[in-house]
Structure formats: structure tokens, C-alpha cells
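> The structure is given below, and queries will be raised subsequently.
Computed from the coordinates by the stated procedures, all read-outs in this text should not be read as laboratory data. Because the structure is predicted, anything quoted here is derived from the model rather than measured. Using ideal geometry, Cβ is built from the backbone for each residue, glycine included, and neighbour counts are taken over all protein chains shown.
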């Protein structure tokens, strides 16, 4: 595959990595980018699912020490066990609802106009939540309670609608539940691991026959660029939220969504 043919998967990988963990909807941006690059169809959708593995690997690598520590402490440490259990509690609602509504969502909601509307509405909700200035009662992800984990898991269900943003729903859900911006963002990272891994494995298991050895370079290019760009975003976002709120992302969502609504209207 020559450099020109690799252009599309590289761009898609960069878009996936940059947008996956920011509250601006990676699915929405991939749909729009795919439309602009004429990178569409069933194989393109499967490619988008596959490169999520690169983004997942970025989180695993960035938090490898903490993850290994929690695993090692799990049998004997109450906080480590509680965190692991609560992570699964937060994962289950979206997993269950996603299995039930997967076909309906994929058939009727994956389109640029629905993404545009979701981007604008999500941006308005982020501004509303930031204006409320929720109190920070939990500073560390290990201190998240069952009730808080469940509320974040329910918030993640909203992200099944393309354009809402999985990270946006979970981070805002965490803020409303009393997490600090840093703790809410980190928990969103950790929750992404089982959520995205399950979705990726589910889709690949169903559609792996569509892929062939000829697709290796395309998949590798998207995977690597998704990993590198996501790794940069994960490290950058934690530093950003330590000093800033999420309003810039809200304004971006509203502006970008508004432009898309105008574009697809006219």
C-alpha cells in the first residue's frame, strides 16, 4: 500500500486517538471524517472499531504502574477490591443496554445530522453542569463508592447515542456525583478499558471475515496513529483539568455541531 492509500487510515487513526478521551465524541468525529474522506462502508466501520484497540492500549500504557499495583493488591487490599468491583458496576449498564439496542442504534442513529444535534446539546449540558459548580467530595478514583459508580455507569448509557461522547458522559456524570475533575477524568479513562474492549471484541468477532491480510497495512497505520495520539491526549488532559474546567470543550462542541447542522441543512 503506497503513501497516498495510507493517508485515510492515518488521518482516521489520529482523529480516533485525539477525540476518544476528550468530551467531544470520537464516534461523531469519525463519522464526519469518514464522510469527508469518502472512507465509508462496512469495512470502514470495522476499521473504526479496530483502531479503538490502539486508544485502549494508550490508557493501559499510561496507567500501567497503577493498574499493576491495583491488580497486585486486589486479593488483600479493600480499596483495590472496591475499585475493581465498582469499575465493573459502572461498566454493566451500558454493556447491557448496548447489547439490547445495538442494531437499532447502528441502523438509525449513525449519521452526521444526528451527531451534529448531539454535539450541540452535549455542549449546552456541559456548560450547565460547569455553571452549577458541583462540590468535590472524592479526590481519588479508589475512593469511589458503589452508588457513585452506578450513577456514572448510567450516565455512560447516554453515550450509546452517537455524538454524545462516552468520555463526556462519564466525566460529567462523575462531576455531578461529587468527583474532582481529575478523579472523574481518570475514572473515565479506566472505565474506557472494559467498555471499549468489550465493544471492539464484540464487533470483530461478528465481522472478522470481512478483513483479509491485504488490510494489514491499513489496520496497522490506524492502530499506531491512534495509540500515539491517544497517549498524548491522556497525558495532556490530566494536566489540563488540574487547572481548567471543561467549558472550552463545550464551546467547541456547540460551534462544530452548529457548523455541521448548517452544512447538512443547506
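> May I ask you to sort 42, 16, 142 by Cβ crowding, counting other Cβ atoms within 10 Å and putting the fewest first?
Least to most surrounded, the residues fall as 42, 142, 16.
> Relative to the longest principal Cα axis of the chain, at what angle does helix 64-73 sit, 0 to 90 degrees, rounded to 10?
50
> Which value at 222 nm does the chain reach when only helices count, each DSSP H run of 4 or more adding -39,500 (n - 2.57), with the total divided by all residues and rounded to the nearest 500 deg cm²/dmol?
Calculated at 222 nm, the ellipticity per residue is -26000 deg cm²/dmol.
> Taking the Cβ of each residue in 18, 171, 126 as the centre, tally the other Cβ atoms inside 10 Å and list the residues starting with the fewest.
Values: 18 20, 171 31, 126 26.
The most exposed by this proxy come first: 18, 126, 171.
> I'd like the FRET efficiency for residue 35 and residue 132, computed as 1/(1 + (r/R0)^6) with the beta carbon distance as r and R0 of 41 Å, rounded to 0.05. List each step's numbers first, then the result.
On the way: r = 35 Å, r/R0 = 0.86.
The formula returns an efficiency of 0.70 here.
> Shifting gears a bit: Under a point spin-label approximation (7 Å from Cα along Cα-to-Cβ), what is the residue 236-residue 104 distance to one decimal in nm?
Simple spin-label model gives 3.8 nm for this pair.
> Enumerate the whole-percent occupancy of each 10 Å bin, from 0 to the last occupied one, for all C-alpha pair distances of segment 116-182.
22, 52, 24, 2
> Extension gain residue 77-residue 243, at 0.36 nm per residue separation less the Cα-Cα distance, in nm?
Separation in residues times 0.36 nm, less the Cα-Cα distance, equals 56.6 nm.
> Now, a different point. May I ask for the distance between the Cα centers of segment 55-117 and segment 202-266, given as a whole number of Å?
Segment 55-117 and segment 202-266 have Cα centres separated by 16 Å.
> Using only the alpha carbons of segment 149-221, determine the length spanned along each of the three principal axes and report them from longest to shortest in whole angstroms.
Taking max minus min along each principal axis of the Cα atoms, segment 149-221 gives 49, 21, 20 Å.
> Same structure again: Under a GNM of the chain (C-alpha, springs under 10 Å), which listed residue has the highest mean-square fluctuation: 256, 190, 74?
In the Gaussian network model the winner is 74.
> Can I ask one more? What is the helix-to-structure angle for 166-176, meaning the angle in degrees between its Cα long axis and the longest Cα principal axis of the chain, kept from 0 to 90 and rounded to the nearest 10?
Computed tilt is about 20 degrees.
> Ok, one more. Hey, what angle do you get for helix 52-62 against the long axis of the chain, alpha-carbon based, 0 to 90 degrees rounded to 10?
The two axes meet at around 40 degrees.
> Follow-up. Wrap a convex hull around the Cα atoms of segment 3-265, take a quarter of its surface area, and give that in square nanometres.
About 14.0 nm², averaged over all directions.
> Let me ask another. At residue 265 and residue 114, where each label point lies 7 Å from the Cα along Cα→Cβ, what is the point-to-point distance in nanometres?
Here the answer is 2.1 nm between the modelled labels.
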